[in-house]
Amino acid sequence: DDSDLAYVPVSLFNAECWITRDFAFPTALDGSAAAPLEQTVFGWSQGGCNIVWSDFLPQLLAVHGPHICSGKAVVELGAGCGLAGLVAAHWARRVDITDGDPDEVALIQRNIDEYSPVGGGACAAHLLEWGTAAAAAGRARGA
């Protein structure tokens, strides 16, 4: 049913609404002059790159990422443009960045291809649709 498309703003499909955004996150809590962690992503200016988690979670990871992500496998759920996953990849062994929208997964892959941290963990983009039989099977397997 295409009736849902009536609720999608026309600007969603306007190329002018897509931006490349550079982030710089402080890496120390004490206000010291420690070099910030820098990450670039491409995303939709009306959402993705501007939501609260795009500010809070990467800042948390910039400070604590070496302790909580180092050498581990990380999964980002509902990633949008994948910013948090790319930040985690600075320390993680592997990062699986997921979203339930195929267009967002393509965006995540673009960001992985263009902006993965040099020397960081392996990143992969995956479609993960919640509430489907495939998602239930993956949870049952522990995937």
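The values are calculated or read from the model by the stated rules, or taken from the named source; none is laboratory data. As the structure is a prediction and not an experimental result, all values here were calculated from the model. Here the Cβ is made from the backbone with ideal geometry for all residues, glycine too, and neighbour counts use every protein chain on show.
Quick check on region 31-51. Is at least one of its residues more than 18 Å from I112 (Cα to Cα) and either among the aromatic types (F, W, Y) or at pLDDT 90 or above (or both)? No - not one qualifying residue is present in region 31-51. Would you tally the residues in region 105-140 being in contact with a Phe, Trp or Tyr (Cβ under 9 Å, 6 or more places away or on another chain) and under 15 Å from G43 (Cα atoms)? Total satisfying the criteria: 5. Close contacts from region 122-143, counting a first residue that is loosely packed, with under 13 Cβ neighbours inside 10 Å and a second that is modelled with pLDDT of 85 or more, with Cβ to Cβ under 7 Å and a gap of 6+ residues or different chains, come to W130/G100.
For every residue, the table says whether it meets (1) touching a Lys or Arg at 6+ places or on another chain (Cβ under 7 Å); (2) without any contact (Cβ under 8 Å) to a residue 12 or more places away in the chain; (3) farther than 21 Å from D22 by Cα.
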residue	(1), (2), (3)
A73	yes, no, yes
A79	no, no, no
A84	no, no, no
V95	no, no, no
D99	no, no, yes
P102	no, no, yes
Q109	no, no, no
D113	no, yes, no
S116	no, no, no
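Considering only region 91-112, state which residues are more than 10 Å from L127 (Cβ to Cβ), under 13 Å from the mean Cα position of the chain (by Cα) and not charged (D, E, K, R). Result: V95, I97, L107, Q109, N111, I112. Put simply, of G71, G120, G85, G78 the only residue that is assigned to a loop (DSSP other than H, G, I, E, B) and in contact with a strand residue (DSSP E or B) (Cβ under 7 Å, 6 or more places away or on another chain) is G78. Counting only residues that are loosely packed, with under 12 Cβ neighbours inside 10 Å and at pLDDT 70 or above, region 7-23 holds 1 of them.
For region 124-135, the criterion of being under 13 Å from the mean Cα position of the chain (by Cα), on the phi < 0 side of the Ramachandran plot, modelled with pLDDT of 90 or more and part of a helix (DSSP H, G or I) is met by none of the residues.
Testing L61 on (1) part of a helix (DSSP H, G or I); (2) modelled with pLDDT under 85, one condition comes back false. Which one is that? It fails just one condition, (2).
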